[in-house]
C-alpha cells in the first residue's frame with residue numbers, strides 16, 4: 001500500500017512541475033491536438049491530487065478509464081496516430097498495474113513482468129520490481145514515459161522532415177547501385 005501511495009505522490013509532484021512547464025511552453029496550436037489534450041488530462045489528474053491532497057486508487061482508476069476511453073475515441077477518429085496510442089495505452093496500463101490491489105498475489109507475475117519491461121524500455125535498466133528501491137525507478141519511468149510522449153508530439157514535423165531526407169538519400173543510393181549494376185552487366 002505504501003508503494004502505491006508513494007507512486008501517486010511522486011506522480012502528483014512530477015505532474016505539478018510538468019503542468020507548470022507545460023502551461024508556459026505549450027502553444028495554443030499544440031493544445032488543440034488530441035495527444036496533448038490526453039497528456040494534459042493525465043498530468044492534470046495527478047497535479048490536482050498533489051495540490052488538493054486527495055486521490056488514491058478509488059479516484060485514479062475511474063480517471064484512468066475515462067482518459068483511456070477518450071484515447072480510444074481519438075484513435076478511432078484518427079486524431080492520434082498508432083504509435084502515440086500504443087505508447088499512451090502502455091503508460092496507462094503501467095500506472096494501473098502499479099496501483100492495483102492484488103492481496104493474494106494472483107497478478108504478481110504479470111505486474112512484475114509488465115512493469116519491469118516498461119522500466120527497462122524507458123530507463124534502459126532492468127530492476128527487481130519487488131525490491132524496496134524499485135518504487136523510485138517505476139515512478140521515474142512513468143514520468144519519463146509522459147515526457148517521451150510530449151517529445152514525440154513536439155517533434156512530429158522534424159521527424160517527417162528527417163524521413164523525407166532519408167528517403168531521398170536512399171533513392172539516390174538505389175539509383176547509384178542500379179546504375180553500377182547496369183555498367184557491370
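Values quoted throughout were computed directly from the atomic coordinates according to the rules given, and no laboratory measurement underlies them. Nothing here was measured: the structure is a model prediction, and the numbers come from that model. Using ideal geometry, Cβ is built from the backbone for each residue, glycine included, and neighbour counts are taken over all protein chains shown.
Numerical summary
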quantity: Pair-distance profile P(r), taking every C-alpha pair of the stretch 128-178, with 10 angstrom steps and integer %; calculated: 22, 23, 20, 18, 13, 4
quantity: Largest-first ellipsoid semi-axes for the stretch 93-183, taking √(5λ) over the Cα gyration tensor eigenvalues, angstrom; calculated: 44, 16, 11
quantity: Rounded FRET efficiency, nearest 0.05, which uses the C-beta distance separating residue 144 from residue 52 and R0 of 22 Å; calculated: 0.30
quantity: Virtual spin-label span in nm between residue 132 and residue 107, 7 Å along Cα→Cβ; calculated: 2.6 nm
quantity: Chain lengthening between residue 175 and residue 155 when straightened (0.36 nm per residue, less Cα-Cα); calculated: 4.2 nm
